[in-house]
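Read-outs: derived from the displayed coordinates by stated rules, not from any lab. Keep in mind the model is a prediction, meaning the values are calculated, not measured. Cβ atoms come from the backbone with ideal geometry, glycine included; neighbour counts cover every protein chain shown.
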């Protein structure tokens, strides 16, 4: 049976949400109508464009470019800091709306969802439903979305990439030659900066050229990825819509440091701070982690990571930090760092815990402390209790974003 | 070199020494079986971690030695007809194998480069029956850890002291130990790699014939009538396992082994799809209630027990309990629970020839 898949993509998500919020709170100017961007904090070296308005796009401002370069393109650019908790609640509102149409809603990133409408469109046609969703987003939620409609996730996503904003597009298999193939190949999902130069070398510039290329040739030059993108170019994709139900696979936490970290002491404080936040999230998800990964990025932006598997899974900040610390000590090449990350994975529910001889007897006390601190922070704010190591260290006691809870599509496909 | 022997004897000898020959090694000589004809015929396999020497009954012996490729020699010998086998080394290390109307010639290697088994200082030697050792290994080997990060636990501890001989395995979640008495007044501790013990267990016969165990600093020697096995030891200090065994118990039950084994086996059918779920034991009023509650369904089973102490509820990974219950030959056992979150200990009703300890699964409400 043909599936009916929708891809719902919020137009300039962070910026729209920020604009809607500000309008609701008395702002007179709609950010979406002026050249504006959401940008990271330049002082702490996170100064890149996170989202841009359509007018800003006209100045050729790109997502991911530095704010300094964006300002040089448009001197009166409005730059606003991101407010992640707001975006998370907007994203939740979108998911709630979509769940009224189908139980199969996959939150693919904060501002993109897939919906499997197969069997859920009795009274209206798929097109009418897609249109209605788009309209309800604008009227009920206050921000605009692009809705792509097709028979698989890839085509639905490519459809919503067509003209923006506030549009509904279809890209059924019979429309591929007309709608998909004329697009430049760089627009194709998973044709990124590593793939494109290789395709250009093969004289492949449009998706149509890729679709007509020999799969053997692509496999020869691009290994299995060549076949994947060849299938995408031909609109072939059978990956299912996975309703997440917040199935968290891993909890990661990373931060770009405002200064180059070149001492072990500072690096370890950062790791402790990152572990603290990650472990809090782990506990609030009622999970235990078995694998700890530490990743580092040096000032040349080269990235490397090490991981270790624990004998028994844990949610103790102290135990997780001990692993992070020992991983860091064995991996750090003593070069200045600008980005540190801690990732907890191989998660299991904390409902059942196989005890072991190696369980630190001090751990049950630590767990009681963790629980108490979590409760205090929940009632009186995250900064109500901080470790004594942090004051005057210049390092925040709870580091890292709130907004990494969604697995990327790459890991799901 | 030449000799004549029976095919069956030769197959047995080859099968046993092959356990110590690695399949893929850098030195071709290590892929071989060393054969030496002297007063008797001796076959040797050696991979440094484990060395096995087997003495074979043979006639018409002409002295000499050779190394033959283990795989090809073994395959040939096994397929020979059941009769006398005639083996002779010709020029240029060519080995002729003849049996009734079959004739093979295979290329051998000079025995000169073969690493002979080391001599073991006979410091402390004990002797027990092969049956006893086999049973002790069977009772303990399953609790060996496969975690290479704690290598010492990938072996079993052999420990002699004050007329007792113990074998202990533990993987962090459970412990298995077996004990027997020895005549010798020696004391030693050594950790034998699990994979070697596994091979030794297969070589041991169901007989009350003696096996002598000698432990030196870096090797263990197992001697039977026609077979010597040398195993390397694992370096490091074994965990002080005795400190884990609780002294005080909240609840003690005596239970029929078959009843509880089958009860847990049935209950674990419900959790077999999803190993996260424990089996729950509920002890009260001289009854043991075994329950499971998983996404697929639930199970309940009640067993009569004799109990002493308080009512208790505790969760276990059913596999850990079953691994131990299945090696018990007694009719009844005593299970002592230190608490609902502490270790539980399984012992015989009388005596101390085995002790199994399992750590529970903590269940949050």
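Please find, in a Gaussian network model of chain A (springs between Cα atoms separated by less than 10 Å), the residue of A:47, A:119, A:39 whose mean-square fluctuation is greatest.
It is A:119.
At a Förster radius of 25 Å, what calculated FRET efficiency corresponds to the Cβ-Cβ distance of residue B:103 and residue B:225, to the nearest 0.05?
Approximately 0.15, to the nearest 0.05.
From the C-alpha gyration tensor of the range A:181-233, pull out the three semi-axes of the equivalent ellipsoid (sqrt of 5λ each), sorted largest to smallest, in whole Å.
Semi-axes (√(5λ), whole Å): 14, 11, 10.
Between the range B:321-362 and the range A:39-65, what's the alpha-carbon centroid distance in Å?
65 Å
Between the range A:96-127 and the range B:1-22, what's the alpha-carbon centroid distance in Å?
With the range A:96-127 and the range B:1-22 each reduced to a Cα centre, they are spaced 70 Å.
Order by neighbour count: A:304, A:14, B:241, fewest other Cβ atoms within 10 Å first, most last. Write out the running numbers ahead of the final one.
Working: A:304 12, A:14 24, B:241 18.
Fewest to most other Cβ atoms nearby, the residues stand as A:304, B:241, A:14.
Can you divide the C-alpha Rg of the range A:250-409 by 2.2 N^0.38 Å and report the result to two decimal places?
Dividing the Cα radius of gyration by 2.2 N^0.38 Å gives 1.01.
Mind telling me which of A:62, A:122, A:323 comes out most flexible in a GNM of chain A, alpha-carbon contacts under 10 Å?
Of the options given, A:122 has the highest mean-square fluctuation.
Hey, any idea what the orientation-averaged projected area of the convex hull of the range B:198-330's Cα atoms comes to, in nm²?
Mean shadow area of the hull around the Cα atoms is 11.8 nm².
As a check on your grasp of the helix formula, calculate [θ] at 222 nm for chain A: sum -39500 (n - 2.57) over DSSP H runs of n ≥ 4, divide by the residue count, round to the nearest 500.
Result for chain A, helices only: -11000 deg cm²/dmol.
Please build a GNM for chain A, connecting alpha carbons under 10 Å apart, and tell me which residue among A:133, A:373, A:48 fluctuates the most.
Among A:133, A:373, A:48, the largest mean-square fluctuation in the Gaussian network model of chain A belongs to A:373.
For each of B:238, A:270, count neighbouring Cβ atoms within 10 Å of the residue's Cβ, then give the residues from fewest to most.
Numbers: B:238 18, A:270 25.
Placing the least packed residue first, the sequence is B:238, A:270.
Show me A:379-385, A:363-369 ranked by packing, highest mean number of other Cβ atoms within 10 Å first.
A:363-369, A:379-385
Would you mind estimating how fast chain A diffuses translationally, via Stokes-Einstein at 20 °C and 1.002 mPa s with the Kirkwood radius over Cα pairs, in µm²/s?
Here the translational diffusion coefficient equals 90 µm²/s.
In whole percent, what relative contact order does chain B give with Cα contacts below 8 Å and a gap of six or more residues? Walk me through the numbers on the way to the answer.
Values: 845 pairs, mean separation 46.4, N = 365.
Relative contact order for chain B comes out at 13 percent.
Any chance you could check the Cα centroid distance between the range A:138-191 and the range A:200-243 for me, in angstrom?
Between the Cα centre of the range A:138-191 and that of the range A:200-243, the gap is 18 Å.
Please state, as a whole number in µm²/s, the translational diffusion coefficient that the Stokes-Einstein equation yields for the range B:100-172 at 4 °C and 1.567 mPa s, with Rh defined as the Kirkwood radius across alpha carbon pairs.
Working: Rh = 16.6 Å.
Rounded, D is 78 µm²/s.
What is the spread of the Cα atoms of chain B along each of their three principal axes, largest first, in whole Å?
Extents along the principal axes, in whole Å: 80, 48, 36.
Hey, could you get me the Stokes-Einstein D for the protein assembly as shown, Kirkwood radius over alpha-carbon pairs, 10 °C and 1.306 mPa s, rounded to whole µm² s⁻¹?
My calculation gives 49 µm²/s for D.
So what is Rg over Rh here for the range B:1-127, counting just Cα atoms and using Kirkwood for Rh?
Taking Rh as the inverse mean 1/r over Cα pairs, Rg/Rh reads 0.97.
On alpha-carbon atoms, Rg over Rh for the range B:75-197 using Kirkwood Rh?
So for the range B:75-197, dividing Rg by the Kirkwood Rh gives 1.18.
What number, in percent, do you get for the relative contact order of chain A if the mean sequence gap of Cα pairs under 8 Å and at least 6 apart is divided by its residue count? Don't jump to the answer; show the numbers that get you there.
Working: 727 pairs, mean separation 61.3, N = 413.
After rounding, I find 15 percent.
Relative contact order for the range A:250-409 using alpha-carbon pairs under 8 Å, separation at least 6, rounded to a whole percent?
36 percent
Given only helices, namely DSSP H runs of n ≥ 4 each adding -39500 (n - 2.57), what is the per-residue ellipticity at 222 nm of chain B, to the nearest 500 deg cm²/dmol?
Value at 222 nm, helices only, nearest 500: -5500 deg cm²/dmol.
Note the full-extension length gain between residue B:341 and residue B:4 as 0.36 nm times their separation in residues minus their Cα-Cα distance, in nm to one decimal.
Between residue B:341 and residue B:4, full extension yields 114.9 nm more.
Divide the volume of the convex hull of the Cα atoms of the range A:64-186 by its number of residues and quote the answer in cubic angstrom per residue.
Taking the convex hull of the Cα positions in the range A:64-186, it is 139 Å³ per residue.
When the distances between all Cα atoms of the range A:15-83 are binned every 5 Å from zero, what whole-number percent does each bin get?
4, 20, 31, 24, 15, 7, 0
Using Cβ contacts closer than 10 Å as the measure, can you line up B:148, A:128 from fewest to most?
Numbers: B:148 8, A:128 12.
Final ranking by Cβ density, sparse to dense: B:148, A:128.
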